[in-house]
Amino acid sequence: MITEVAAADKEDVNLAVKAARKAFESGPWRKMGGRERGKILYRLADLMEQHKEELAVLETLDNGKPLSLSRAADVPLSIDHYRCVWGLGGEGGLEAGLALECCILTHFLSPLLLPQ
């Protein structure tokens, strides 16, 4: 088992939504400039890079896919995504084409082919 999660009733959910709305409207992220947001996103990518093996194991435990796939694709692409989003802000220092290419590649969805 990875963790335990408490069940929520309607009142719990409403309180959580109200708190999230308050944080969005009056919290620091909304007022923060692109440069500062970019620094936070890039720091997140750095932390993910430092803990990539642990994240790969958790990803595999969560969804049952092979660890090799989590290591080779899911975690590195997630890290790249945060670095690309940072670069798209215009202040991250990445070339716009590289950032745009990276984000597009991580956002394409393939149609799900189900047996008839």
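Residue check: Ser68 meets all listed conditions (1) in contact with a helix residue (DSSP H, G or I) (Cβ under 7 Å, 6 or more places away or on another chain); (2) over 25 Å from Val85 (Cα atoms); (3) of a type outside the set (A, V, I, L, M) but one, namely (1). Of all residues in region 21-56, those being part of a helix (DSSP H, G or I), within 18 Å of the chain's Cα centre (by Cα) and surrounded by 11 or more Cβ atoms within 10 Å (Cβ to Cβ) number 20.
Since every read-out is calculated from the coordinates, none of them should be taken as a lab result. Just so we're clear, the structure is a prediction, and the values are computed from it rather than from any experiment. Neighbour counts run over all protein chains shown; Cβ positions are idealised from the backbone, glycine included.
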